[in-house]
Structure formats: structure tokens, C-alpha cells
Amino acid sequence: MSMDETLQSLLEIGDEVVAAARAKGATVAEATIRQGSHLSTKIRLGAPELVEEAGSRALGMRVMVGRQVAVTYTSDLSARGRAQLVADAIELAQLSQEDEFAGPPDPSLLSRTEDHVDLDTYDPTMDAFGAEEALERAIAGEKAARDADARITNSEGATFTRASGGSALVTSGGFRGTSVGTYASLVVNPVADDEGGKKRSGYHWTARRHLAELEDAAAVGREAARRTLRKLGAAKIASEEMPVVFDPDAARSIVGLLAGCVNGGAIWRRSSYLLDRLGTAVASDLVTIVDDPLIPRAPGSRPYDGEGLLSRKNVVVEKGELRTYLMDSYAARKLSMESTASASRGASGGVGPSTTNFLLQPGELTPEQVRDVPRGLYVTEMMGFGFNAVTGDFSRGAAGFLIENGELTQPVAEVTISLDLDQMLKRIDAVGNDLDLRTSTASPTFRVSAMTVAGR
């Protein structure tokens, strides 16, 4: 069955169950139907450890009887399974408590199929990419890492995965839409011997919507080896306050913390330090953060949101000023605001605000220029969960490299970096130009002018 035929069949299932729920007394009925396939392969020391391929179909519903809401889900898409799902949804809704803020979006806000942009998120060659080819790429990546240097003595393996699928959303408000997507990744994890019998593991990875855009497997392996070897001899440094530079992977983690704090659900629950901060400075004027679902081939791109509203770019932070929270219809009602078309709908049918492509916009400096300080810490990894979203307090274990006169010198491990997130973002004094959209939350290299680094 072609993808177009698959999407049409999903729409038909959605039409049927929405109509059935309405006939049984639902005031509002919404159905999301998904079908996809997934391949995961792993090798270690040149031998296959895992080959797993699976397909899935799922139907999730959200129904409302007045202001009473229920969410239900099934993987049984037979006629009997669909009928049971509808009956269960109605029964659950009738048993639930009323919620005065419950309700669908205004029908006038729903998007039309002809307005949906093709964001090129689907690679038709993905499904034909089989386990043998996936294993070959994983083997090539690991071999390149092991061959790069004699000090690479072991491996935690290499993993190649690919996924593809389509989904449909049908609502009683009149929305009907479909979307498709693919994604593939290769991760290589070599291990090197260090002094005192210690083992140092590192990794490098590539990921894209389209197979042809993945990095060469051998190049991924060589870079993984380089990143592993540069950790040899890592040690603590003396405690002090110094500039801290976050590489893109570590920086992405910081940006992700902010994403949780601008979520409309966190705001109405009063569980974010950014409560009542709209229109105020929350970062330095070098910081502009957008949530943009309209970037072609990007991991988080989509033509419409989880409630059927047309996707749009939201500028969350503009030159340091907080401009908006990210809201679905429910959060918008709770906050007496308007939806930002940020609804996300899970396979179970539940709806809540979420990000799409949440990005710290790149600056004009190269990564080398960003880390051009007399002395500082270049962070490549962070450990632990030391963040309080209510207060903004941040403290996490970190590893990376000492910066001396702009150069990366001694590898550093087992230190802790701390500063509340509000001050951290306000102290950003340099932003790099190396934004890479391997993940839907992403950031270039950036520098914080001063943080507490606790070592020995």
C-alpha cells in the first residue's frame, strides 16, 4: 500500500470513530490514528547484537460530554476494537469531573488542508532500507573508530536506527489532516584505556530526516574516536568562578530547560520561574529563541498542531525579552490568552502544549571565537538532574576541557557547575554560528561570562 493510500485509510478510520462517538452522545470527538515502522540494529566489536523491526498502528481518542473529558487508546483497529474504544471513551467521560476550561479550539481557527505546507519530512527510500544495510553502516562506523588509534581498545557498540510513519487527525469541529515523517540515526561509542585502569567512553552521532543527508559512517566513527581520545587524563580542577562555554550538545540541554519553563502547562500550574515574566528581560540581548515548526526537513517540523491549528513560528525570546509562552487551547483559556498553535497530541489522544523546533538562534562567531578567553571551562557533557524549574536553581555535574588563552588544554572531569538559569541566560556574552538541526531542541555553542565551578 502506498503512503497516500495509507493516509486515506487512516482518515476513514478517524471519520468513522468520530461519527460513532457523536452518535453516542459526545459533544466533542477527536481521533488521532498513526501507522509506522521502526528498525533498530546494534553491533559490538563487529558482531550483531540486536536486529529489531516492528510495525505499529494505534488509535487515540479524546471525547467530551459537555465539560467532562476522557482520553482513550487502542492498538486494536478491528471493527470490534474501534467500537469498544468509542464505548469506553463515552463511559469514561461520563464518569469524569467537569472542567470549566475544557473544550476544543474555536472552529474558525482550524486550518484547511490546502493551507498545509509540504515540509519535506518524508523520505520514501527509508522503508526500503533494510537490516543488512543498517548493520553495514553500524559496522563501518565502529570499525573506523577502532582503527583510528591503538588506544581505542574496546567499544560499547554502534547503533543504526530508522523510523517512518504517517498519521491522521480528525475532529468533530471539522478538521481533517495528515502528516508523514521519517528519521534515521547512527551512533558510535568507542572506549579507550586511561591511566590507572580507567576506561573512557565517548561518542559521536548523525541524524536526519533523509538518509542521503546522514554523515558518512566512517567519518562518524573517526570523530567518535577523536572525542573519546581527547578525554584521556581527565581530572578535577580547582574550584573557582570562571567563564563557561557550552558545546552544542551541552547547550541544547540548557535550552531544553528553558523550553519546559515556557510551557503553558507549567505556567498555569505555577511551576515555572518565568511566571508573570512576559515582556521582561530573561536573557542577554544576544539571545533569541524561536519555536519554528516550518523548517523544511527539520526533526520537529509539522504542518499543523495537535488540535488542527495551522503551524506558525513563535518567537519565544527576542533579544533577551520573553515574548510568549507556548500554549494549546486549554492553557490559553487557563491564562486568558490565545493559543500559539503549540498543541501536541500523543498516540493516546491526550493533548498538551509542547515545542516543535525549539532553537537558540545562531550568532556570527565561530566556536573558536566563542571560547577565546584567558581561562575558562569548555563543557561537553553534563550529568545529573540538578534543576528546579520553580526557582531556576541549576547545579549539575560536568566534564569537558580547561580553556587557556583560547585553547582547549587539560581534559576535565568530576566538577560541578552552578548558577540559577535566569542569571545564566543573562550572562551569555557570546553565541556561535554552529547550529545543527540533528534534534528538535538545538543550540549553537554559547558562553556564559561567569559560573561557579566546584572541583577539588
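Tabulated values for the structure
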read-out	value
Sorted by Cβ neighbour density within 10 Å, fewest at the top, the residues Lys334, Lys236	Lys236, Lys334
The chain, dipole about Cα centre (Lys/Arg Cβ +1, Asp/Glu Cβ -1), debye to the nearest 20	760 debye
Label point distance in nm, Gln410-Lys199, each placed 7 Å from Cα along Cα→Cβ	2.7 nm
Sites Ser348 and Ala281, calculated FRET efficiency, Cβ-Cβ separation with R0 30 Å, nearest 0.05	0.20
Equivalent ellipsoid semi-axes - Cα gyration tensor, the chain, angstrom	42, 29, 18
The stretch 3-228 - charge dipole about Cα centre, Lys and Arg +1 at Cβ, Asp and Glu -1, debye rounded to 20	540 debye
Extension gain (nm, one decimal) between Arg269 and Arg226, 0.36 nm per residue minus Cα-Cα	11.0 nm
Calculated FRET efficiency for the pair Ala150/Ala238, C-beta based, R₀ 51 Å, to 0.05	0.95
Cβ-derived FRET efficiency at R0 56 Å, Ala23 paired with Arg456, nearest 0.05	0.20
Long pairs among Lys143/Lys198; Lys199/Lys236; Lys198/Lys236, criterion Cα-Cα beyond 20 Å	Lys143/Lys198
Packing rank of 424-430, 199-205, where each peptide gets the mean count of other beta carbons within 10 Å, highest leading	424-430, 199-205
Fewest-first sequence of Glu30, Glu368, Glu381 by Cβ atoms within 10 Å of each Cβ	Glu368, Glu381, Glu30
Net +/- balance of residues flanking Asp429 in space, Cβ distance below 13 Å, scoring K and R +1, D and E -1	+2
Descending semi-axes in whole angstrom, ellipsoid equivalent of the stretch 234-456, from the Cα gyration tensor	32, 18, 15
Low-density loop positions, GluC sites (Glu not before Pro), the stretch 73-108 - DSSP coil, at most 12 other Cβ in 10 Å	Glu100
Backbone N under 19 Å from the Asp76 label point (7 Å along Cα→Cβ), restricted to the stretch 43-65	56-62
Spin-label model distance (nm) - Glu136 vs Asp216, 7 Å beyond Cα toward Cβ	1.6 nm
Highest-first arrangement of 258-267, 369-378, 107-116, where packing means the average Cβ count within 10 Å	258-267, 369-378, 107-116
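Only the coordinates and a few stated rules stand behind these numbers; no lab work does. This structure is a prediction, so every number in the text was calculated from the model and none was measured. Please note: Cβ atoms are built from the backbone with ideal geometry, for glycine as well, and neighbour counts cover all protein chains shown.
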